[in-house]
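Let me give you the structure first, and then I'll get to my questions.
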Amino acid sequence: MTKQMFAVMATGLALMAATPALAQQGGSTVTAATTQGPILTFSVSEEVRSRPDQATVGAGVTTTAPTAVESMRANAAAMDKLIAAAKARGIKAEDIQTSGINLSPQYDYNNRGDGQPPRFLGYQVSNMVRVTTAKIADIGPLLDALVAAGGTNIDGPSFGMKDPDAQLVGARGSAIKAAEAKAQDYARLAGFRGVELVSISEGSFGGPQPPMPYARGLMAADAKATPVEPGQVGNTLTLNFQYRLVK
């Protein structure tokens, strides 16, 4: 599904006439330049939306122990179980990546208004991995498996396209046709015979869908798999054009 959007940059009609006249009308600026003809500048954007073909989930565990060494060891054992659960759901090793490990001391600051220092509780370790899969229909069971394996921190899923550029192939042709029609319309309205293409530059943006919050303990052990709806993800192609108006 393609939705066409035009972003016309009203810096637009930069008239490159032989005379040094300056004028401004409705946000468009007319300036003196070369004798080759006025230059029209604008952008055309095409948004393409389709069903995602991959998803990413963040999962991790947090452990606390009296010493840093104990906390790290406990966390490592818990993460081994988490990673094993992901692999059991068909996730390849190359699609599991550690995204952050944090070790920090923990203190109790409650009721310490008597001038005493905060009470030391121990060391806390948080370890997160990001799991990427093309099995969109398996996201719900994957989340459940990660939580069942001891995951206490779940982030996602976020959906996207494995090859965003391929999603935009058809959009380029549509954008160029739309730009040509727009330039011809400007030429007609300004009293010119036609246009000549001077330059094209491309910029595109494909934003992943915002992650969905997921908390441990929201389902019973015998509950059905967590429902996940991937919806659609969008990629936006923006082409910047310059046309010369021809007499």
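Per-residue answers, yes or no, for (1) modelled with pLDDT of 75 or more; (2) open to solvent by less than 60 Å² (accessible area, probe 1.4 Å); (3) among the β-branched types (V, I, T); (4) out of contact with any Phe, Trp or Tyr (no Cβ under 6 Å at 6 or more places or on another chain):
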| residue | (1), (2), (3), (4) |
| --- | --- |
| P208 | no, no, no, yes |
| R216 | no, no, no, yes |
| A221 | no, no, no, yes |
| Q232 | yes, no, no, yes |
| R244 | yes, yes, no, yes |
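Counting only residues that are small (G, A, S), more than 11 Å from L82 (Cα to Cα) and surrounded by 17 or more Cβ atoms within 10 Å (Cβ to Cβ), which one in the stretch 141-170 is farthest from the chain's Cα centre (by Cα)?
In this case the residue turns out to be G156.
Shifting gears a bit: If the Cβ limit is 6 Å and pairs must be 6+ apart or interchain, which residue in the stretch 58-83 that is touching a residue at least 60 places away in the same chain (Cβ under 8 Å) and farther than 16 Å from I96 by Cα pairs with which residue that is aliphatic (A, V, I, L, M) and part of a strand (DSSP E or B)?
These pairs meet every condition: T63/V125.
Separate question: Against the condition in contact with a helix residue (DSSP H, G or I) (Cβ under 7 Å, 6 or more places away or on another chain), outside any loop (DSSP other than H, G, I, E, B), under 30 Å from V61 (Cβ atoms) and of a type in the set (F, W, Y), how does Y107 come out, does it pass?
no
Follow-up. Among the residues of the stretch 109-119, is there at least one that is on the phi < 0 side of the Ramachandran plot and within 31 Å of the chain's Cα centre (by Cα)?
no
Could you check how many residues of the stretch 140-186 are among the small types (G, A, S), part of a helix (DSSP H, G or I) and in contact (Cβ under 8 Å) with a residue 60 or more places away in the chain?
The qualifying residues number 10.
Quick check: anything in the stretch 36-54 more than 32 Å from the chain's Cα centre (by Cα), at pLDDT below 95 and open to solvent by 40 Å² or more (accessible area, probe 1.4 Å)?
Checked the stretch 36-54: at least one residue is more than 32 Å from the chain's Cα centre (by Cα), at pLDDT below 95 and open to solvent by 40 Å² or more (accessible area, probe 1.4 Å).
Please specify each residue of the stretch 91-140 satisfying the condition of being among the small types (G, A, S), within 24 Å of R51 (Cβ to Cβ) and open to solvent by 60 Å² or more (accessible area, probe 1.4 Å).
Scanning the stretch 91-140 gives A134, A137.
Taking the stretch 141-163, which residues are in contact with a helix residue (DSSP H, G or I) (Cβ under 8 Å, 6 or more places away or on another chain), aliphatic (A, V, I, L, M) and within 24 Å of S50 (Cβ to Cβ)?
L142, M161 - these are the residues of the stretch 141-163 that are in contact with a helix residue (DSSP H, G or I) (Cβ under 8 Å, 6 or more places away or on another chain), aliphatic (A, V, I, L, M) and within 24 Å of S50 (Cβ to Cβ).
The values are calculated or read from the model by the stated rules, or taken from the named source; none is laboratory data. Everything numeric in this text was worked out from a predicted model, so none of it was measured. Cβ coordinates were reconstructed from backbone atoms using ideal geometry, including for glycine residues, and neighbour counts include every protein chain displayed. Areas reflect the complete protein model, heavy atoms only, side chains present, ligands, DNA and RNA absent. Shrake-Rupley method; radii C 1.70, N 1.55, O 1.52, S 1.80 Å.
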